[in-house]
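Asks: The structure is given below, and queries will be raised subsequently.
The values are calculated or read from the model by the stated rules, or taken from the named source; none is laboratory data. This is a predicted model, so every value here is computed, not measured. Cβ coordinates were reconstructed from backbone atoms using ideal geometry, including for glycine residues, and neighbour counts include every protein chain displayed. Accessible surface is based on the protein model in full, side chains and every heavy atom, while ligands, DNA and RNA are left aside. Shrake-Rupley method; radii C 1.70, N 1.55, O 1.52, S 1.80 Å.
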Amino acid sequence: MSSALLGVYRPLGEPIVGGQGSRLLMGDGREVLDFVSGIAVNALGYGDAGVAAAIEAVVASGVLHTSNLYRTRPAELLAEELVRLSFADRVFFCNSGAESNEAAFKFARRWARTRGGPCKHEIVALRGSFHGRLFGSLAATDRPAYREPFEPLAPGFHFVAPGDLGGLMDLVSQERTAALIAEPVQGEGGVRPLQPAELQLLREVADQAGAALIFDEVQCGLGRTSHLFAYQEAGVVPDILTLAKPLAGGLPMGAVLLKEEIAATLRPGDHGTTFGGGPLVSAVARVVLERISDPGFLAEVRRKGARVQEVLAPLVGQYGIREIRGRGLLWGIELEGAAASVVTRAFEAGLLITTAGERVLRLLPPLTITETDLEAGLEILREVLSWS
Ligand SMILES: *Cc1c(COP(=O)(O)O)cnc(C)c1O
C-alpha cells in the first residue's frame with residue numbers, strides 16, 4: 001500500500017484496475033471472482049451499462065452538483081420511487097451509511113422531544129450492532145475495539161440483547177426513550193438475521209414507549225436478502241429506515257426514509273448536507289432501484305441464495321465450520337478458528353470474500369452474479385475451506 005495513505009486499512013494484493021460482471025482484474029494481470037461487492041455496494045456488479053448511461057447523461061447535462069439550495073429532478077424522482085416502494089412518506093438524502101444513521105437519530109430526537117419533553121432523547125441499540133463510525137453512529141455500535149480509543153462518544157445510548165424482554169423493560173421508557181435501532185440482519189456483527197419475533201418485540205416496545213423504531217438496512221436492504229427491504233420479510237414495519245451501501249451503484253449515497261408524523265416535526269434548517277441527493281448519485285440510484293425492485297430480479301436473488309445455502313449447509317460440522325447463517329445473497333460462515341487466514345487463502349485461490357468479526361466469513365456476491373460465476377466461486381470456497 002502507498003505510504004501516503006493513512007494506515008487505517010490493510011488492503012489485499014495489487015491495485016484493482018478493471019472489472020466486469022462479478023470479476024475483477026488485478027494489476028498483476030490476475031482475474032478474481034468477487035464475493036464481496038465492495039462490501040455490499042456493487043449490487044449490479046461491475047461495468048453495468050445502465051449505470052454507465054445514467055452517469056453519461058448527467059455528465060452531458062453539465063451539472064454534477066447544485067447543493068440543496070436549488071431543486072434537481074433526479075432527487076425528487078428517486079424520493080418519489082422510494083416512497084412508492086416502502087412504508088415511508090418522506091426521504092432525506094445524505095452520503096453514507098453512518099450519515100444516514102446520524103440523521104435518523106436527529107430526526108427521532110426532534111420528534112420525540114416534541115411529543116415527550118426534553119428528557120425523551122435516549123436511543124436503545126442491540127448487542128452485536130454496527131451502525132457506523134461517527135460519534136453518534138459509533139455510540140450505537142456494539143464493538144469495544146472501535147469505540148474505546150475515541151471515547152467519549154455521543155451520550156444517551158444504551159444496549160440490550162435481541163429478544164431480551166426484561167432488558168428492554170428496564171431500559172425503555174415513555175419519559176426517556178426517543179428511539180430503538182436494529183439491523184434486521186446484523187451484518188458486521190457476524191451475519192445474524194434477527195428472528196421476526198425479535199423484530200416484533202422491538203415494534204411493540206417502541207409503540208408502548210412512544211419511541212421511534214429505526215431499522216438500519218444499510219447492508220441488508222435493497223435486495224440483498226431477496227426482498228427489496230429486509231423488514232418486508234418479517235412483516236415488521238419501522239418508523240424510520242436507513243439505506244446506503246448499494247443505493248447509488250458504487251457512488252456514495254445514503255437515504256433516510258421516514259413516516260409523515262416524524263417528518264412533520266422537522267423544519268428548514270434542522271438538518272442538512274452539502275452533497276446529499278445530488279443529480280449524479282440520484283440518477284444512478286434510480287437505475288439501481290428500478291432494477292432491484294423488479295420482482296423477477298428479486299426471485300433470482302432468492303434462487304441464487306438457496307443455491308448458496310444448499311452448497312454450504314452440508315459443510316457444517318466439517319472443516320471447522322460451526323454454523324452458516326444468512327438470507328438471499330448475504331451469508332456468514334462461523335468458524336471455530338480465525339476467519340482472516342481463510343480470506344487470504346481464498347484471495348490467493350482467486351476469490352474475494354471478507355469477514356464479519358473474528359470468526360465469521362462473510363459472502364456478499366453481486367446480486368447480478370451469473371450461475372457460472374456463483375458455482376465457480378462456491379467451488380473455490382469449498383476447496384479453500386477443506387484445507388483448514
Ligand atoms: C456499513 C454499514 C454502516 C456504515 O456505512 P458507511 O457508509 O460506512 O458509513 C452502517 N450500518 C450498517 C448496517 C452497515 O453495514
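Asks: I'd like to check something: does segment 248-267 contain any residue that is away from the ligand (no atom under 16 Å from the Cβ), open to solvent by less than 10 Å² (accessible area, probe 1.4 Å), in a loop (DSSP other than H, G, I, E, B) and under 27 Å from TYR146 (Cβ atoms)?
Replies: no
Asks: Continuing with this model, one more query. I'd like to know if segment 317-330 contains one or more residues that are over 23 Å from ARG30 (Cα atoms), crowded, with 22+ Cβ neighbours inside 10 Å and in contact with a Ser or Thr (Cβ under 6 Å, 6 or more places away or on another chain).
Replies: Keep residues of segment 317-330 that are over 23 Å from ARG30 (Cα atoms), which gives 317-330.
Among the residues that remain, those that are also crowded, with 22+ Cβ neighbours inside 10 Å are: 326, 328-330.
Filter once more, so that each one left must be in contact with a Ser or Thr (Cβ under 6 Å, 6 or more places away or on another chain): 328.
Checked segment 317-330: at least one residue is over 23 Å from ARG30 (Cα atoms), crowded, with 22+ Cβ neighbours inside 10 Å and in contact with a Ser or Thr (Cβ under 6 Å, 6 or more places away or on another chain).
Asks: Kindly evaluate GLY332 against the criterion of being within 23 Å of the chain's Cα centre (by Cα), at pLDDT 95 or above, closer than 17 Å to SER37 by Cα and assigned to a helix (DSSP H, G or I). Give the steps one after another, and end with the answer.
Replies: Numbers: within 23 Å of the chain's Cα centre (by Cα): yes; at pLDDT 95 or above: yes; closer than 17 Å to SER37 by Cα: yes; assigned to a helix (DSSP H, G or I): no.
Judged against the criteria, GLY332 is not a match.
Asks: Which ones in segment 153-181 are within 16 Å of LYS106 (Cβ to Cβ) and open to solvent by 40 Å² or more (accessible area, probe 1.4 Å)?
Replies: Matches in segment 153-181: PRO155 only.
Asks: I've got another one for you. If only one of SER3, SER22 is of a type in the set (S, T, N, Q), out of contact with any Gly (no Cβ under 6 Å at 6 or more places or on another chain) and under 30 Å from ARG345 (Cα atoms), which one is it? Explain how you work it out, then say what you get.
Replies: Values: SER22 fails: out of contact with any Gly (no Cβ under 6 Å at 6 or more places or on another chain).
That would be SER3, the only listed residue that is of a type in the set (S, T, N, Q), out of contact with any Gly (no Cβ under 6 Å at 6 or more places or on another chain) and under 30 Å from ARG345 (Cα atoms).
Asks: Looking for whichever is modelled with pLDDT of 95 or more, under 20 Å from THR370 (Cβ atoms) and assigned to a helix (DSSP H, G or I) here; the options are VAL284, VAL301, VAL343. Which one fits? Let's see the steps before the verdict.
Replies: Details: VAL284 fails: under 20 Å from THR370 (Cβ atoms); VAL343 fails: under 20 Å from THR370 (Cβ atoms).
VAL301 is the lone residue from the list that is modelled with pLDDT of 95 or more, under 20 Å from THR370 (Cβ atoms) and assigned to a helix (DSSP H, G or I).
Asks: Then there's this: When the residues of segment 88-110 are filtered to those that are part of a helix (DSSP H, G or I) and not hydrophobic (A, V, I, L, M, F, W, C), which remaining residue is nearest to the ligand (Cβ to nearest atom)? Full working, then the answer.
Replies: Quick first cut of segment 88-110, residues part of a helix (DSSP H, G or I) only: 97-110.
In the following step, the residues that additionally are not hydrophobic (A, V, I, L, M, F, W, C) were identified as 97, 99-102, 106, 109-110.
Numbers: GLY97: 2, GLU99: 7, SER100: 8, ASN101: 6, GLU102: 9, LYS106: 16, ARG109: 18, ARG110: 21 Å.
Here the answer is GLY97.
Asks: Do we have HIS121 as touching a Lys or Arg at 6+ places or on another chain (Cβ under 6 Å) and away from the ligand (no atom under 13 Å from the Cβ) here? Before the answer, list the steps.
Replies: Numbers: touching a Lys or Arg at 6+ places or on another chain (Cβ under 6 Å): yes; away from the ligand (no atom under 13 Å from the Cβ): yes.
Against the criterion (touching a Lys or Arg at 6+ places or on another chain (Cβ under 6 Å) and away from the ligand (no atom under 13 Å from the Cβ)), HIS121 qualifies.
Asks: Taking GLY13 as the residue in question, decide whether it is in contact with a Phe, Trp or Tyr (Cβ under 9 Å, 6 or more places away or on another chain), among the small types (Gly, Ala, Ser) and open to solvent by 50 Å² or more (accessible area, probe 1.4 Å).
Replies: Details: in contact with a Phe, Trp or Tyr (Cβ under 9 Å, 6 or more places away or on another chain): yes; among the small types (Gly, Ala, Ser): yes; open to solvent by 50 Å² or more (accessible area, probe 1.4 Å): yes.
So GLY13 fits the description; yes.
Asks: Quick check: anything in segment 143-152 open to solvent by 30 Å² or more (accessible area, probe 1.4 Å), acidic (Asp, Glu) and in contact with a Gly (Cβ under 9 Å, 6 or more places away or on another chain)? Reasoning before the result, please.
Replies: Start the filter on segment 143-152 by keeping residues that are open to solvent by 30 Å² or more (accessible area, probe 1.4 Å), which leaves 143-152.
Among the residues that remain, those that are also acidic (Asp, Glu) are: 148, 151.
Subsequent filtering for residues that are in contact with a Gly (Cβ under 9 Å, 6 or more places away or on another chain) retains none.
Looking for residues that are open to solvent by 30 Å² or more (accessible area, probe 1.4 Å), acidic (Asp, Glu) and in contact with a Gly (Cβ under 9 Å, 6 or more places away or on another chain), one finds none in segment 143-152, hence no.
Asks: Sort out which residues of segment 38-76 are aromatic (Phe, Trp, Tyr) and either touching a His at 6+ places or on another chain (Cβ under 9 Å) or loosely packed, with under 13 Cβ neighbours inside 10 Å (or both), and write them in order of number. Give the derivation first.
Replies: The initial filter retains those residues of segment 38-76 that are aromatic (Phe, Trp, Tyr), namely 46, 70.
Across segment 38-76, the qualifying residue is only TYR70.
Asks: Can you tell me which of ASP207, ASP270 is more than 16 Å from the ligand (Cβ to nearest atom), assigned to a loop (DSSP other than H, G, I, E, B) and out of contact with any Ser or Thr (no Cβ under 8 Å at 6 or more places or on another chain)? If you could, list the steps in order and put the result at the bottom.
Replies: On the way: ASP207 fails: assigned to a loop (DSSP other than H, G, I, E, B).
So the residue among ASP207, ASP270 that is more than 16 Å from the ligand (Cβ to nearest atom), assigned to a loop (DSSP other than H, G, I, E, B) and out of contact with any Ser or Thr (no Cβ under 8 Å at 6 or more places or on another chain) is ASP270.
Asks: Does ALA79 meet the test of being open to solvent by less than 30 Å² (accessible area, probe 1.4 Å) and away from the ligand (no atom under 16 Å from the Cβ)? So that I can check it myself, show each step before the final result.
Replies: Numbers: open to solvent by less than 30 Å² (accessible area, probe 1.4 Å): yes; away from the ligand (no atom under 16 Å from the Cβ): yes.
The answer is yes for ALA79.
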